[in-house]
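Since the structure comes first, as structure tokens, the remarks are kept for the end.
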Amino acid sequence: MSDIFSGKSAKDFLSDTDTVVTTSSNINKEMMRKSKIKPFIATNENDRTSIVSVTLKTSEVGSHVSVKMEDVLTGSGSTGNVDFSASQEQLKDIKMLVVIDRFQHSVPSEESIVNTRRAVKFKARAKTSLTNWATMKFDKIYFSVNTANATNILACGHHTDKTTANIIKADVLTTSDVDEAKNRALLGIDAEGNEVPPLMPVTVLKNENLGFYDDVKIFIMFVGTHSAMHIGRDPNWEEARKLAALRGKENPIFTGALGLHNGVLLLNVETDTLRQSGILTSKSKFNGFGNVKNFDLSTYAGAAGQETEINLLVGACSTQMVLDEGIAYYEWPDAKDPRYMHAGVDRVCGLAKTKYDADQNDGLLAGTMFDGKDFGVIAVVASTGR
């Protein structure tokens, strides 16, 4: 061992177990605080109004976790003075399977660790960088899993098209497209008017009108940078901004909202790039995870390869997340050179778009509008205008 170490190696400057555990907890909290979808993640397993439902369960990478889903009663019931036995319907115990996966990353020290000062400096930089990376990675996974294999596609400017093939440069996002998306969400229909699962609102607001109160069902639409710019130029958009400012005093989900149009709250989560997460385009890199490892985003391109932005209209319980523990943080010396250190993080979890599969439920509801259809996401695909 070199004299410069005074008999110590990088291993001697590593934290003890308690410090590593504390760092893991701090990174997890900071990661979730910075996440773009943090306000929409359920805080407990009984929350059925948040966009992202949470199941807490011991998980291993590659395992399939069964997540219970609730179904409505569809029987006709009975009328008149009859016994309850004359009208019964069994509660359906339906489920979906979420594949557990892991995302991870690590960084090596750039200089040899020869004293405590260098060790502290390296660990501080590593913690900050890995926290930022984990936040961006988590968000990229969220937008990817909800974008893949959309079963209800709204092609801006071409509302009766099932695909995006006819979108041209001028077909940017407008309030007309938002109206169509809201209509589909409430009625449970696709481009051809076929029945599909209607979306559940994220929240319901009370709207007073001459002493009467109407329920206003609110849905969330995540939009990218290009769509945010284009809809802001729509002459019908000015009123939406006023409504968002007013409602923002009542509910934290309105924070940072572009506007509230026809019961749809638009939030600019930016467009996915190498250095930030956000809405994917037909030319983006897909971040496969768990249930969907690979997907060709170019299938959302417009005419002659026109680049599009795949905005997402989402309802409650549209995403299922399975959690065991939070971010795990590690520190270790370089196996080949004890003068250097490494730091890393990983997260084991499941994240999948809510989708009912009759084959996973003994054929229950096979062939219905729920079977194989997105439960709470509509892909609103618009030209980037470029």
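So the values come out like this:
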{"quantity": "Restricting the stretch 301-328 to residues that are among the β-branched types (V, I, T) and more than 30 Å from S9 (Cα to Cα), the residue that is surrounded by the most Cβ atoms within 10 Å (Cβ to Cβ)", "calculated": "T308"}
{"quantity": "Among (1) in contact with a Leu (Cβ under 9 Å, 6 or more places away or on another chain); (2) at pLDDT 70 or above; (3) part of a loop (DSSP other than H, G, I, E, B), the one test that P235 misses", "calculated": "(1)"}
{"quantity": "All positions within the stretch 365-386 that are in a loop (DSSP other than H, G, I, E, B), in contact with a Gly (Cβ under 9 Å, 6 or more places away or on another chain) and of a type outside the set (G, A, S)", "calculated": "M369, F375, T384"}
{"quantity": "Some residue of the stretch 293-300 being in contact with a strand residue (DSSP E or B) (Cβ under 7 Å, 6 or more places away or on another chain), in contact (Cβ under 8 Å) with a residue 40 or more places away in the chain and surrounded by fewer than 17 Cβ atoms within 10 Å (Cβ to Cβ)", "calculated": "no"}
{"quantity": "Counted residues, the stretch 131-156 - those being touching a Ser or Thr at 6+ places or on another chain (Cβ under 8 Å) and either among the aliphatic types (A, V, I, L, M) or closer than 30 Å to R233 by Cα (or both)", "calculated": "10"}
{"quantity": "Long-range neighbours under 9 Å by Cβ, at least six apart or interchain, first residue closer than 21 Å to N291 by Cα within the stretch 359-385, second hydroxyl-bearing (S, T, Y) and part of a strand (DSSP E or B)", "calculated": "Q360/S66; F370/Y356; D371/Y356; G372/Y356; K373/Y356; F375/Y356; G376/T319; V377/T319"}
{"quantity": "Residue list for the stretch 15-39, restricted to those being in a loop (DSSP other than H, G, I, E, B) and either surrounded by fewer than 17 Cβ atoms within 10 Å (Cβ to Cβ) or of a type in the set (G, A, S) (or both)", "calculated": "S15, D16, S35"}
{"quantity": "Close pairs (7 angstrom Cβ cut-off, 6 or more residues apart or separate chains): at pLDDT below 60 in the stretch 85-102, of a type in the set (A, V, I, L, M, F, W, C) and assigned to a loop (DSSP other than H, G, I, E, B) anywhere", "calculated": "E89/L73"}
{"quantity": "The stretch 329-359, subset surrounded by fewer than 17 Cβ atoms within 10 Å (Cβ to Cβ) and over 23 Å from the mean Cα position of the chain (by Cα), residue nearest to A126 (Cα to Cα)", "calculated": "G344"}
{"quantity": "Some residue of the stretch 360-370 being at pLDDT 90 or above and either of a type in the set (D, E, K, R) or at negative phi (or both)", "calculated": "no"}
{"quantity": "Residue check, A257 of a type in the set (G, A, S), within 15 Å of I51 (Cβ to Cβ) and at pLDDT below 85", "calculated": "yes"}
{"quantity": "Condition met for Q306 (of a type in the set (S, T, N, Q) and over 30 Å from V20 (Cα atoms))", "calculated": "yes"}
{"quantity": "Exclusive hit being aliphatic (A, V, I, L, M), modelled with pLDDT of 85 or more and surrounded by fewer than 19 Cβ atoms within 10 Å (Cβ to Cβ), set A181, A191", "calculated": "A191"}
{"quantity": "Residue check for V380: at negative phi and crowded, with 24+ Cβ neighbours inside 10 Å", "calculated": "yes"}
{"quantity": "Exclusive hit being outside any strand (DSSP E or B), polar (S, T, N, Q) and either under 20 Å from Y142 (Cα atoms) or at pLDDT 85 or above (or both), set T55, T43", "calculated": "T43"}
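The values are calculated or read from the model by the stated rules, or taken from the named source; none is laboratory data. Predicted model, so just to flag it, every value in this text is computed and none were measured. Glycine also receives a Cβ, built like all others from the backbone with ideal geometry; neighbour counts cover every protein chain displayed.
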